[in-house]
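Below: the structure, in structure tokens.
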Amino acid sequence: MNDTARTSKRSFGNCEARPLDKIVQKIIVAVGSTRRPKLNAVWEALTIFGPILDSNGQFEVVGVDVPSGVSHTPASREELMAGARFRAESLVKQARERGEPWRYFVGLEGGLDVVEERDIGKESGRRVVFLQSWAYVTDGNGPGAYGQSGAVQMPAPLAAEVIERGTELSVAIDAYAGEQGIRDAQGAWGVLTRNLITRQEAFRVAVVSAFAPFFNASLYDDRHSRTK
């Protein structure tokens, strides 16, 4: 989903006294969005795994408005993944062109995954549409990693409004729920789950999952599988 232009920064770190030989280093995580739920999702995720990623790091989250390279409401898993990756790779390009000291690059994309539910032995079935949130993370030096939130099924009329009529999900969910500004609050996730899972929470799970190969690198190292 498209984002509006503005900038945002937020930082955190362990404020306890450290030995003199422990040098605190600032680690800037760039996020390809300026939407508050997305930035807060990355912030919350970092408070969980940041100390594992770098015990001496002081983390800062910077939001940067970048294009997704996909439609305003992606309607497939492939498009969601492509949008998240495009955002992250756009940040890498910006960092190199402008000399930004960003360490990690995070792309977030929300939208729909449309599947066909078919009974065994039948050639056709009914359409089922899921709301999903995806993340892609890279350090700009090697392969990145994806993370996904899980999924919640969309009501058929809401899905039809987005898929068949081309209405942006943020507009459609406001009309469907009779509210305004849902995207920057609980999101469609919150509306559909009665706030048991908000947009921010969905993205937080996706971000933690996408960062797993970085804070748990030993298990993702190719050498690990070859030693078994």
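The values are calculated or read from the model by the stated rules, or taken from the named source; none is laboratory data. It should be emphasised that the depicted structure is a prediction, and the values quoted were computed from it without experimental measurement. Here Cβ is always computed from backbone atoms with ideal geometry, including for glycine, and neighbour counts include all displayed protein chains. In case anyone asks, the SASA skips ligands and DNA or RNA and just uses the protein heavy atoms, side chains included. Shrake-Rupley method; radii C 1.70, N 1.55, O 1.52, S 1.80 Å.
Give the total of Lys-Lys pairs in the chain with Cα-Cα distances below 22 Å; include a pair only if its members are 8 or more places apart or on different chains.
6
Could you grab the relative contact order for the range 83-228? Cα pairs under 8 Å, six or more apart, rounded to a whole percent.
On the way: 221 pairs, mean separation 28.0, N = 146.
Relative contact order comes out at 19 percent.
Please build a GNM for the chain, connecting alpha carbons under 10 Å apart, and tell me which residue among G178, G166, G150 fluctuates the most.
Sorting by GNM fluctuation, first place goes to G178.
Find me the longest stretch of the chain that has none of the exposed GluC sites (Glu not before Pro), where exposed means in a DSSP loop (not H, G, I, E or B) with at most 11 other Cβ atoms within 10 Å.
Working: sites that count: E16, E123, E164.
For GluC sites (Glu not before Pro) (loop position, at most 11 other Cβ atoms within 10 Å), the longest site-free span of the chain is 17-122.
What dipole magnitude, in Debye to the nearest 20, does the chain give about its Cα centre under +1 on Lys/Arg Cβ and -1 on Asp/Glu Cβ?
500
Given the peptides 189-200, 24-35, arrange them by the average over their residues of other C-beta atoms within 10 Å, most packed first.
Working: 189-200: 18.9, 24-35: 21.3.
The densest-packed peptide leads the list: 24-35, 189-200.
Given the convex hull over the Cα atoms of the range 98-228, what projected area results after averaging over all orientations, in nm²?
The orientation-averaged projected area of the Cα hull of the range 98-228 comes to 12.7 nm².
Could you work out how much longer the chain between E100 and R165 gets when fully extended? Use 0.36 nm per residue separation minus the Cα distance between them, nm to one decimal. Could you put the intermediate results ahead of the total?
Values: separation 65, 0.36 × 65 = 23.40 nm, distance 4.08 nm.
In short, 19.3 nm is gained.
With every protein chain kept in place and ligands, DNA and RNA left out, what is the accessible area per residue of the chain? Probe 1.4 Å, answer in Å². Walk me through the numbers on the way to the answer.
On the way: 11800 Å² over 228 residues.
Each residue of the chain exposes 52 Å² on average to a 1.4 Å probe.
As a test of the formula, what do you get for the chain when each DSSP H run with n ≥ 4 contributes -39,500 (n - 2.57) and the sum is divided by the residue count, at 222 nm and rounded to the nearest 500 deg cm²/dmol? Intermediate results must be reported in sequence, preceding the final value.
Details: 8 runs with 90 residues, N = 228.
Using -39500 (n - 2.57) per qualifying helix, the result is -12000 deg cm²/dmol.
Tell me which chymotrypsin sites (Phe, Trp or Tyr not before Pro) from the range 133-187 have a DSSP coil assignment and no more than 11 other beta carbons within 10 Å of their own. Spell out each step's value before the answer.
Working: sites: W134, Y136, Y146, Y176; in loops: none.
Here no chymotrypsin sites (Phe, Trp or Tyr not before Pro) fit, given the DSSP loop and packing criteria.
State, to one decimal in nm, how far the label point of S124 lies from the label point of D221, with both points 7 Å from Cα in the Cβ direction.
5.4
Applying 1/(1 + (r/R0)^6) with R0 = 41 Å to the Cβ-Cβ distance of Q153 and V24, what FRET efficiency is obtained, to the nearest 0.05? Show your work: numbers first, answer last.
Numbers: r = 45 Å, r/R0 = 1.11.
So the FRET efficiency works out to roughly 0.35.
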